[in-house]
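*Asks:* Structure below; questions to follow.
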Amino acid sequence: MVDGGTVTRLAARVLERGNLTRAAVTRISALAAVGAAVWFSRADTVGGLAGSAFLGAVLFCDAVRDRMRAHRRDALTLWLAAMLSRLREYAVHLGLALGAAAAGVGGAWGWAAGALIALALRDSFLAAGSAPAAPVPGPEPRRSAPSAQRRTGGLLGDLTPQPPQGSRVNDPVLTSRLFGTTVVTAPGATGTRSAGERESRTEGRLEDSAAATFAPVRRLLSFSQPARFLTVAVTATLWDARVAFVTLVIGCAVAVTARLVDPSDRGACP
């Protein structure tokens, strides 16, 4: 049985043989999003089903683009992809609002504006959390002494062996590495570096397994664009645009709350 990953990989190879780039696939997905907006503006079951099909095409284009080999990844291409990713979502919201207003749904434009505000807050919080931390200013490097101060041994001072610089205190860790013995680091406390390394590796494996366990939950709570498109497809087909906008507001609020509760998560999703 052929899975989704195989299909997207084969589609990516076919598009690459046709000399299509990632930017071209991004533009195709934007056109598919415009098609979804047009169908959602009908505000009926047929429009919801057709709009959902176009949103499925958008998600398929994104999956294929991720499988493609990098052609051009300069700053302009990345900026264009980010802008089209936002514009296509705004187009879908516009289509939903137009369809709801034509169907006489009260407060459609207000809910649409609320969904856009919630999305902007969600993006701001997740972008701020994924930004790298500023480096901690350390002590200024010590300047080397002038050559006149360093040469104290006369003309032959540079030829004579110099004593080792730095601390002469023996390193117990180095001793344990060389002789494989247990080093007493404090009165009544013994241990080797190998035991500490084993304990550190065990803790690291536990942290990695915990991170892998909660990674799908974090991706779900981040309410990324694929999750938002799926939400729009389901709610607009089964109910109406107002329910879709309310669900989007709730999902963005959950994403912001999850970021505030767990600020250590650095995986910001678009």
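*Asks:* Identify, from the list R42, R69, R88, the residue that is crowded, with 18+ Cβ neighbours inside 10 Å and basic (K, R).
*Replies:* R88
*Asks:* Could you check how many residues of segment 94-104 are surrounded by 23 or more Cβ atoms within 10 Å (Cβ to Cβ) and out of contact with any Asp or Glu (no Cβ under 7 Å at 6 or more places or on another chain)?
*Replies:* Looking only at that region, the number is 4.
*Asks:* For D240, indicate whether it is under 23 Å from L94 (Cα atoms), charged (D, E, K, R) and at pLDDT 65 or above.
*Replies:* Against the criterion (under 23 Å from L94 (Cα atoms), charged (D, E, K, R) and at pLDDT 65 or above), D240 qualifies.
*Asks:* Test each condition in (1) out of contact with any Phe, Trp or Tyr (no Cβ under 7 Å at 6 or more places or on another chain); (2) under 30 Å from W111 (Cβ atoms) for R9 and report the one that comes out false.
*Replies:* Failed condition: (2).
*Asks:* Would you be able to say whether some residue in segment 211-234 is in contact with a strand residue (DSSP E or B) (Cβ under 6 Å, 6 or more places away or on another chain) and either modelled with pLDDT under 65 or surrounded by 13 or more Cβ atoms within 10 Å (Cβ to Cβ) (or both)?
*Replies:* No, segment 211-234 contains no residue that is in contact with a strand residue (DSSP E or B) (Cβ under 6 Å, 6 or more places away or on another chain) and either modelled with pLDDT under 65 or surrounded by 13 or more Cβ atoms within 10 Å (Cβ to Cβ) (or both).
*Asks:* Another question, then. If you scan segment 1-39, which residues turn out to be on the phi > 0 side of the Ramachandran plot and crowded, with 18+ Cβ neighbours inside 10 Å?
*Replies:* The answer is none; no residue qualifies.
*Asks:* Moving on to the next point. Taking the conditions exactly as written (touching a residue at least 12 places away in the same chain (Cβ under 8 Å), aromatic (F, W, Y) and either touching a Cys at 6+ places or on another chain (Cβ under 8 Å) or closer than 20 Å to L80 by Cα (or both)), does F40 satisfy them or not?
*Replies:* No, not satisfied.
*Asks:* Identify all residues within segment 45-61 that are buried (at least 19 other Cβ atoms within 10 Å of the Cβ) and either closer than 14 Å to V7 by Cβ or touching a Leu at 6+ places or on another chain (Cβ under 6 Å) (or both); write none if there are none. Step through it out loud before you land on a result.
*Replies:* At the first step, the residues of segment 45-61 found to be buried (at least 19 other Cβ atoms within 10 Å of the Cβ) are 47-48, 51-52, 54-55, 58, 61.
Within segment 45-61, C61 is the sole residue that qualifies.
*Asks:* Mind listing whichever residues of segment 14-54 are in contact with a helix residue (DSSP H, G or I) (Cβ under 8 Å, 6 or more places away or on another chain), among the basic types (K, R) and in a helix (DSSP H, G or I)?
*Replies:* Correct list: R22, R27.
The values are calculated or read from the model by the stated rules, or taken from the named source; none is laboratory data. What you see is a predicted model, and the numbers here were worked out from it, not measured in a lab. Glycine also receives a Cβ, built like all others from the backbone with ideal geometry; neighbour counts cover every protein chain displayed.
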